[in-house]
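Working notes, beginning with the structure itself.
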Amino acid sequence: MMNKITVSAPGKIMLLGEHAVVYNRPCIVTAIDQRVSATAEFINEPVFQLEATEVGLKNYQKPLSQIGKGEIPKEAKFAEIAVKLVLSQKPTSKKGIKITTKSQFSSLFGFGSSSASTVAIVSALANLFGKKLSQKNLFEICYKTVLEVQGKGSGFDIATAIYGGTTYFVTGGKTIKPLPVTSLPIVIGYTGIKADTVTLIDQVKKLSEKYPKIVENSYDQIAKLVDSAKIAISKKDWQSLGKLMNINQGYLEGLGVSSQMLSNLIYAARDAGAYGAKLSGAGGGDCMIAIAPPSRQKAIEKAITKAGGKIIKVETKAEGVRIES
Ligand code: MEV
(Lines give C-alpha, C1' and ligand atoms only; values in the text may rest on other atoms or scores of the structure.)
Protein backbone atom coordinates (compact mmCIF):
# COMPACT_ATOMS: atom_id res chain seq x y z
CA MET A 1 0.00 0.00 0.00
CA MET A 2 1.34 3.44 -0.91
CA ASN A 3 1.74 6.03 1.85
CA LYS A 4 1.51 9.29 -0.02
CA ILE A 5 0.13 10.55 -3.32
CA THR A 6 -0.23 13.92 -5.06
CA VAL A 7 -3.01 14.64 -7.56
CA SER A 8 -3.76 17.90 -9.39
CA ALA A 9 -6.84 19.34 -11.09
CA PRO A 10 -7.28 22.45 -13.26
CA GLY A 11 -9.21 25.64 -12.58
CA LYS A 12 -11.93 26.75 -14.98
CA ILE A 13 -13.43 29.70 -16.70
CA MET A 14 -17.08 29.82 -17.70
CA LEU A 15 -17.59 30.71 -21.37
CA LEU A 16 -21.40 30.89 -21.57
CA GLY A 17 -24.53 29.80 -19.71
CA GLU A 18 -23.90 30.75 -16.07
CA HIS A 19 -26.95 30.97 -13.79
CA ALA A 20 -29.19 29.28 -16.38
CA VAL A 21 -27.10 26.12 -15.83
CA VAL A 22 -28.26 26.01 -12.20
CA TYR A 23 -31.79 25.41 -13.59
CA ASN A 24 -31.48 22.51 -16.00
CA ARG A 25 -29.93 24.35 -18.91
CA PRO A 26 -26.53 23.87 -20.55
CA CYS A 27 -23.33 25.88 -20.24
CA ILE A 28 -19.93 25.80 -21.93
CA VAL A 29 -16.86 25.89 -19.74
CA THR A 30 -13.15 25.53 -20.32
CA ALA A 31 -10.32 24.31 -18.09
CA ILE A 32 -7.27 26.52 -17.59
CA ASP A 33 -3.62 25.56 -17.21
CA GLN A 34 -3.45 26.79 -13.59
CA ARG A 35 -3.95 23.93 -11.17
CA VAL A 36 -4.64 22.99 -7.57
CA SER A 37 -2.77 20.03 -6.15
CA ALA A 38 -3.63 17.85 -3.17
CA THR A 39 -1.27 15.49 -1.37
CA ALA A 40 -2.92 12.78 0.69
CA GLU A 41 -0.89 10.71 3.14
CA PHE A 42 -1.38 8.31 6.02
CA ILE A 43 -0.25 9.44 9.46
CA ASN A 44 0.00 7.42 12.66
CA GLU A 45 -2.33 9.47 14.86
CA PRO A 46 -6.05 8.83 14.15
CA VAL A 47 -6.72 12.45 13.15
CA PHE A 48 -7.60 14.45 10.05
CA GLN A 49 -4.99 17.12 9.34
CA LEU A 50 -5.28 19.84 6.71
CA GLU A 51 -2.71 22.32 5.43
CA ALA A 52 -4.10 24.80 2.91
CA THR A 53 -1.73 27.74 3.19
CA GLU A 54 -3.13 29.39 0.02
CA VAL A 55 -6.32 30.10 2.00
CA GLY A 56 -4.46 30.79 5.25
CA LEU A 57 -5.14 27.42 6.89
CA LYS A 58 -2.24 25.89 8.87
CA ASN A 59 -2.19 22.91 11.22
CA TYR A 60 -5.96 22.39 11.11
CA GLN A 61 -6.66 19.13 12.89
CA LYS A 62 -9.51 17.13 14.43
CA PRO A 63 -10.08 13.49 15.51
CA LEU A 64 -11.20 11.25 12.62
CA SER A 65 -14.32 10.41 14.65
CA GLN A 66 -15.31 14.12 14.57
CA ILE A 67 -14.81 14.67 10.87
CA GLY A 68 -17.67 16.65 9.29
CA LYS A 69 -19.08 17.44 12.74
CA GLY A 70 -19.18 20.65 14.80
CA GLU A 71 -17.90 24.05 13.68
CA ILE A 72 -15.88 23.82 10.47
CA PRO A 73 -13.96 26.93 9.42
CA LYS A 74 -14.97 28.23 5.97
CA GLU A 75 -11.52 27.52 4.53
CA ALA A 76 -11.66 23.84 5.57
CA LYS A 77 -15.23 23.04 4.56
CA PHE A 78 -14.81 21.58 1.07
CA ALA A 79 -11.76 19.51 2.08
CA GLU A 80 -13.29 18.18 5.31
CA ILE A 81 -16.63 17.22 3.76
CA ALA A 82 -14.84 15.63 0.77
CA VAL A 83 -12.68 13.53 3.10
CA LYS A 84 -15.73 12.61 5.20
CA LEU A 85 -17.59 11.36 2.11
CA VAL A 86 -14.64 9.26 0.90
CA LEU A 87 -14.08 7.77 4.36
CA SER A 88 -17.77 6.89 4.66
CA GLN A 89 -17.33 4.55 1.69
CA LYS A 90 -14.49 2.49 3.12
CA PRO A 91 -13.92 0.27 6.17
CA THR A 92 -12.60 2.25 9.17
CA SER A 93 -8.86 2.32 9.63
CA LYS A 94 -6.74 3.25 12.64
CA LYS A 95 -4.50 5.50 10.55
CA GLY A 96 -5.02 9.21 10.28
CA ILE A 97 -5.08 11.26 7.08
CA LYS A 98 -3.13 14.37 6.21
CA ILE A 99 -4.13 16.52 3.24
CA THR A 100 -1.97 19.34 1.91
CA THR A 101 -3.29 21.55 -0.88
CA LYS A 102 -1.44 24.06 -3.04
CA SER A 103 -2.89 26.36 -5.68
CA GLN A 104 -1.27 28.07 -8.66
CA PHE A 105 -3.96 30.77 -8.65
CA SER A 106 -5.65 33.04 -6.15
CA SER A 107 -8.98 31.87 -4.76
CA LEU A 108 -10.20 35.43 -5.42
CA PHE A 109 -10.40 35.11 -9.23
CA GLY A 110 -13.44 32.81 -9.39
CA PHE A 111 -11.42 30.13 -11.21
CA GLY A 112 -12.98 27.36 -9.13
CA SER A 113 -10.25 26.73 -6.56
CA SER A 114 -12.68 25.00 -4.16
CA SER A 115 -13.96 22.59 -6.80
CA ALA A 116 -10.48 21.88 -8.22
CA SER A 117 -9.17 21.15 -4.72
CA THR A 118 -12.23 18.98 -3.93
CA VAL A 119 -11.56 16.90 -7.07
CA ALA A 120 -7.83 16.65 -6.32
CA ILE A 121 -8.49 15.63 -2.68
CA VAL A 122 -11.13 12.98 -3.48
CA SER A 123 -9.02 11.52 -6.26
CA ALA A 124 -5.84 11.54 -4.13
CA LEU A 125 -7.61 9.84 -1.20
CA ALA A 126 -9.28 7.21 -3.37
CA ASN A 127 -5.89 6.40 -4.92
CA LEU A 128 -4.27 6.28 -1.48
CA PHE A 129 -6.86 3.64 -0.49
CA GLY A 130 -6.15 1.77 -3.73
CA LYS A 131 -9.67 2.43 -4.97
CA LYS A 132 -10.29 3.00 -8.69
CA LEU A 133 -12.95 5.68 -9.24
CA SER A 134 -14.49 6.21 -12.66
CA GLN A 135 -14.84 9.83 -13.79
CA LYS A 136 -18.57 9.48 -13.12
CA ASN A 137 -18.04 8.19 -9.53
CA LEU A 138 -15.53 10.95 -8.89
CA PHE A 139 -18.03 13.53 -10.16
CA GLU A 140 -20.77 12.14 -7.90
CA ILE A 141 -18.70 12.31 -4.69
CA CYS A 142 -17.35 15.80 -5.50
CA TYR A 143 -20.75 17.18 -6.52
CA LYS A 144 -22.23 15.81 -3.30
CA THR A 145 -19.50 17.71 -1.45
CA VAL A 146 -20.45 20.96 -3.21
CA LEU A 147 -24.13 20.48 -2.41
CA GLU A 148 -23.40 19.63 1.21
CA VAL A 149 -21.15 22.69 1.64
CA GLN A 150 -23.01 25.36 -0.30
CA GLY A 151 -26.45 23.86 -0.84
CA LYS A 152 -26.62 24.82 -4.52
CA GLY A 153 -24.62 24.86 -7.72
CA SER A 154 -24.70 23.11 -11.08
CA GLY A 155 -21.45 21.10 -10.70
CA PHE A 156 -19.96 22.51 -13.94
CA ASP A 157 -16.72 23.45 -12.14
CA ILE A 158 -16.35 19.92 -10.72
CA ALA A 159 -16.84 18.39 -14.19
CA THR A 160 -14.22 20.70 -15.69
CA ALA A 161 -11.68 19.87 -12.99
CA ILE A 162 -12.23 16.16 -13.79
CA TYR A 163 -12.51 16.17 -17.59
CA GLY A 164 -10.36 19.21 -18.54
CA GLY A 165 -10.61 20.75 -22.02
CA THR A 166 -13.76 22.54 -23.12
CA THR A 167 -17.08 20.91 -22.27
CA TYR A 168 -20.77 21.31 -22.90
CA PHE A 169 -22.34 20.62 -19.52
CA VAL A 170 -25.93 20.28 -18.27
CA THR A 171 -26.91 20.71 -14.59
CA GLY A 172 -25.75 17.99 -12.21
CA GLY A 173 -23.71 16.30 -14.96
CA LYS A 174 -26.78 15.15 -16.94
CA THR A 175 -24.63 15.79 -20.01
CA ILE A 176 -20.86 16.23 -19.97
CA LYS A 177 -19.68 16.42 -23.56
CA PRO A 178 -16.09 17.33 -24.46
CA LEU A 179 -16.01 19.74 -27.41
CA PRO A 180 -13.52 19.28 -30.24
CA VAL A 181 -11.45 22.40 -29.68
CA THR A 182 -7.90 22.88 -28.50
CA SER A 183 -7.05 26.39 -27.44
CA LEU A 184 -9.43 29.35 -27.36
CA PRO A 185 -8.41 32.95 -28.28
CA ILE A 186 -9.44 34.52 -24.97
CA VAL A 187 -8.41 37.48 -22.85
CA ILE A 188 -9.34 37.52 -19.16
CA GLY A 189 -9.71 40.65 -17.05
CA TYR A 190 -10.07 40.55 -13.26
CA THR A 191 -12.20 43.25 -11.64
CA GLY A 192 -10.38 43.12 -8.30
CA ILE A 193 -13.71 42.43 -6.59
CA LYS A 194 -14.49 39.07 -5.00
CA ALA A 195 -17.95 37.74 -5.80
CA ASP A 196 -19.90 35.31 -3.66
CA THR A 197 -21.56 32.68 -5.85
CA VAL A 198 -24.25 31.66 -3.37
CA THR A 199 -25.30 35.29 -2.76
CA LEU A 200 -25.64 35.87 -6.50
CA ILE A 201 -27.57 32.63 -7.08
CA ASP A 202 -29.95 33.69 -4.28
CA GLN A 203 -30.31 37.15 -5.79
CA VAL A 204 -31.33 35.67 -9.15
CA LYS A 205 -33.69 33.26 -7.38
CA LYS A 206 -35.46 36.22 -5.75
CA LEU A 207 -35.87 37.87 -9.14
CA SER A 208 -37.31 34.65 -10.58
CA GLU A 209 -39.80 34.42 -7.70
CA LYS A 210 -41.05 37.90 -8.61
CA TYR A 211 -40.99 37.39 -12.39
CA PRO A 212 -40.99 33.62 -12.96
CA LYS A 213 -41.98 33.67 -16.63
CA ILE A 214 -39.54 36.40 -17.62
CA VAL A 215 -36.61 34.77 -15.84
CA GLU A 216 -37.49 31.29 -17.18
CA ASN A 217 -37.68 32.81 -20.64
CA SER A 218 -34.20 34.34 -20.18
CA TYR A 219 -32.87 30.90 -19.20
CA ASP A 220 -34.47 29.39 -22.32
CA GLN A 221 -32.86 32.03 -24.52
CA ILE A 222 -29.50 31.47 -22.83
CA ALA A 223 -29.87 27.72 -23.47
CA LYS A 224 -30.45 28.44 -27.17
CA LEU A 225 -27.43 30.69 -27.48
CA VAL A 226 -25.29 28.10 -25.65
CA ASP A 227 -26.39 25.49 -28.22
CA SER A 228 -25.46 27.86 -31.07
CA ALA A 229 -22.12 28.59 -29.39
CA LYS A 230 -21.42 24.86 -29.21
CA ILE A 231 -21.62 24.74 -33.02
CA ALA A 232 -19.57 27.94 -33.41
CA ILE A 233 -16.81 26.56 -31.15
CA SER A 234 -16.70 23.26 -33.04
CA LYS A 235 -16.18 25.26 -36.28
CA LYS A 236 -13.68 27.64 -34.63
CA ASP A 237 -16.03 30.42 -35.73
CA TRP A 238 -14.81 32.95 -33.16
CA GLN A 239 -16.76 35.87 -34.63
CA SER A 240 -20.08 34.10 -34.08
CA LEU A 241 -18.96 33.00 -30.63
CA GLY A 242 -18.19 36.64 -29.80
CA LYS A 243 -21.66 37.77 -30.90
CA LEU A 244 -23.29 35.04 -28.81
CA MET A 245 -21.21 36.08 -25.81
CA ASN A 246 -22.47 39.64 -26.21
CA ILE A 247 -26.07 38.42 -26.28
CA ASN A 248 -25.40 36.29 -23.21
CA GLN A 249 -24.05 39.37 -21.42
CA GLY A 250 -27.33 41.14 -22.25
CA TYR A 251 -29.33 38.42 -20.47
CA LEU A 252 -26.95 38.45 -17.49
CA GLU A 253 -27.41 42.23 -17.26
CA GLY A 254 -31.14 41.57 -17.24
CA LEU A 255 -30.76 39.05 -14.41
CA GLY A 256 -28.96 41.77 -12.46
CA VAL A 257 -25.61 40.05 -11.97
CA SER A 258 -23.34 42.38 -13.93
CA SER A 259 -21.76 45.47 -12.36
CA GLN A 260 -20.37 48.85 -13.33
CA MET A 261 -16.80 47.51 -13.16
CA LEU A 262 -17.60 44.44 -15.24
CA SER A 263 -19.34 46.64 -17.81
CA ASN A 264 -16.34 48.99 -17.94
CA LEU A 265 -13.97 46.13 -18.71
CA ILE A 266 -16.40 44.48 -21.15
CA TYR A 267 -16.92 47.70 -23.16
CA ALA A 268 -13.19 48.45 -23.08
CA ALA A 269 -12.53 45.03 -24.63
CA ARG A 270 -15.26 45.38 -27.25
CA ASP A 271 -14.14 48.91 -28.19
CA ALA A 272 -10.56 47.66 -28.60
CA GLY A 273 -11.65 45.08 -31.17
CA ALA A 274 -12.86 41.98 -29.31
CA TYR A 275 -15.38 39.81 -31.19
CA GLY A 276 -17.34 39.71 -27.96
CA ALA A 277 -17.04 40.02 -24.21
CA LYS A 278 -19.04 39.12 -21.12
CA LEU A 279 -18.77 38.46 -17.42
CA SER A 280 -17.66 34.96 -16.52
CA GLY A 281 -19.08 33.05 -13.56
CA ALA A 282 -21.51 34.26 -10.94
CA GLY A 283 -21.07 37.97 -11.75
CA GLY A 284 -20.92 40.85 -9.28
CA GLY A 285 -17.11 40.91 -9.63
CA ASP A 286 -14.49 38.21 -10.34
CA CYS A 287 -13.53 38.08 -14.02
CA MET A 288 -14.74 39.04 -17.49
CA ILE A 289 -13.75 37.23 -20.63
CA ALA A 290 -13.26 38.47 -24.19
CA ILE A 291 -12.87 36.48 -27.38
CA ALA A 292 -10.60 38.21 -29.85
CA PRO A 293 -8.42 37.81 -32.92
CA PRO A 294 -4.75 37.36 -31.89
CA SER A 295 -3.86 40.61 -33.69
CA ARG A 296 -6.11 42.59 -31.29
CA GLN A 297 -5.25 40.84 -28.04
CA LYS A 298 -2.44 43.22 -26.96
CA ALA A 299 -4.66 46.29 -27.56
CA ILE A 300 -7.53 44.65 -25.66
CA GLU A 301 -5.26 43.83 -22.72
CA LYS A 302 -4.14 47.47 -22.63
CA ALA A 303 -7.72 48.74 -22.79
CA ILE A 304 -8.85 46.45 -19.95
CA THR A 305 -5.91 47.55 -17.82
CA LYS A 306 -6.66 51.21 -18.53
CA ALA A 307 -10.27 50.64 -17.46
CA GLY A 308 -9.02 49.38 -14.06
CA GLY A 309 -8.86 45.61 -14.66
CA LYS A 310 -5.97 43.20 -14.18
CA ILE A 311 -5.06 40.83 -17.01
CA ILE A 312 -4.84 37.20 -15.95
CA LYS A 313 -2.85 35.16 -18.44
CA VAL A 314 -4.11 31.62 -18.86
CA GLU A 315 -3.86 28.91 -21.47
CA THR A 316 -6.87 26.76 -22.23
CA LYS A 317 -6.71 23.10 -23.48
CA ALA A 318 -5.75 22.05 -19.93
CA GLU A 319 -5.72 18.40 -18.91
CA GLY A 320 -8.27 17.20 -16.33
CA VAL A 321 -7.43 15.59 -12.98
CA ARG A 322 -4.13 13.68 -13.02
CA ILE A 323 -1.71 11.94 -10.68
CA GLU A 324 1.46 13.97 -10.20
CA SER A 325 3.54 11.72 -7.97
C1 MEV B 1 -20.78 30.40 -10.95
O2 MEV B 1 -19.44 30.36 -11.38
C3 MEV B 1 -21.70 29.89 -12.03
C4 MEV B 1 -23.13 29.70 -11.59
O5 MEV B 1 -23.87 29.25 -12.74
C6 MEV B 1 -23.26 28.71 -10.47
C7 MEV B 1 -23.14 27.24 -10.87
O8 MEV B 1 -23.33 26.89 -12.03
O9 MEV B 1 -22.86 26.42 -9.97
C10 MEV B 1 -23.75 31.02 -11.14
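Treating only the Cβ atoms of Lys and Arg (+1) and Asp and Glu (-1) as charged, compute the dipole magnitude of the chain about its Cα centre; round to the nearest 20 debye.
So the dipole magnitude of the chain works out to roughly 400 debye.
For the range 172-325, give the magnitude of the charge dipole about the Cα centre (Cβ charges: +1 Lys/Arg, -1 Asp/Glu; no others), in debye to the nearest 20.
Here the range 172-325 has a charge dipole of around 320 debye.
With 18 Å as the limit, write out which pairs from Lys90/Lys152; Lys194/Lys310; Lys62/Lys98; Lys4/Lys98; Lys136/Lys174; Lys174/Lys206 have Cα-Cα distances beyond it, or answer none.
Lys90/Lys152; Lys174/Lys206
From the phi of every residue in the range 313-323, what ³J(HN,Hα) in whole Hz does the Karplus formula 6.51 cos²θ - 1.76 cosθ + 1.60 yield, where θ is phi - 60° and glycine or proline is x?
Here the 3J(HN,Hα) series is 7, 9, 9, 8, 6, 7, 6, x, 3, 8, 7 Hz.
Among 173-179, 148-154, how do they line up by average Cβ neighbours within 10 Å per residue, starting with the highest?
148-154, 173-179
Could you work out the helix-only [θ] at 222 nm for the chain, with each DSSP H run of four or more residues adding -39,500 (n - 2.57) and the total divided by the number of residues, to the nearest 500 deg cm²/dmol?
It lands at -13000 deg cm²/dmol.
Which percent of the accessible heavy-atom area of the chain goes to carbon and sulfur, probe 1.4 angstrom?
Reported share for carbon and sulfur atoms: 52 percent.
Suppose all protein chains stay in the model; what accessible area per residue would a 1.4 Å probe give for the chain, in Å²?
Solvent-accessible surface per residue comes out at 43 Å².
Heavy atoms only, probe 1.4 angstrom, no DNA, RNA or ligands counted: give me Tyr211, Tyr143 ranked by accessible area, highest first.
The ranking, largest first, comes out as Tyr211, Tyr143.
Based on alpha-carbon centroids, what's the gap between the range 304-325 and the range 161-221 in Å, whole number please?
Here the answer is 18 Å between Cα centres.
Kindly provide the pair-distance distribution of the chain built from C-alpha pairs, with 10 Å bins from 0 and whole-percent values in order of increasing distance.
All Cα pairs considered, the percentages come to 6, 27, 33, 21, 10, 2, 0.
Give me the extension gain from Lys194 to Lys90: residue separation times 0.36 nm, minus the current Cα-Cα distance, reported in nm with one decimal.
33.7 nm
Over its Cα atoms, what ratio of radius of gyration to 2.2 N^0.38 Å does the range 264-325 give?
1.29
Which of the DSSP-defined H helices in the chain satisfy a minimum axial length of 27 Å, computed from C-alpha atoms, and a minimum mean Kyte-Doolittle hydropathy of -1.0?
Within the chain the helices that satisfy the rule are 212-234.
Between rounded, prolate and oblate, where does the range 202-293 land on the alpha carbon gyration tensor, with a ≥ b ≥ c its root eigenvalues, rounded for a/c under 1.5, else prolate if a/b exceeds b/c?
oblate
Identify, among Phe105, Leu87, Ala76, the residue whose Cα sits farthest towards the positive end of the charge dipole of the range 67-116, taking +1 on the Cβ of Lys and Arg and -1 on the Cβ of Asp and Glu, with the dipole about the Cα centre.
Farthest along the dipole direction, towards plus: Leu87.
Mind ranking 214-223, 75-84 by how tightly packed they are, going by the mean number of other C-beta atoms within 10 angstrom, highest first?
Answer by packing, highest mean first, reads 75-84, 214-223.
The values are calculated or read from the model by the stated rules, or taken from the named source; none is laboratory data. Nothing here was measured: the structure is a model prediction, and the numbers come from that model. Glycine gets a Cβ as well: all are built from the backbone with ideal geometry, and neighbour counts include every protein chain shown. Areas reflect the complete protein model, heavy atoms only, side chains present, ligands, DNA and RNA absent. Shrake-Rupley method; radii C 1.70, N 1.55, O 1.52, S 1.80 Å.
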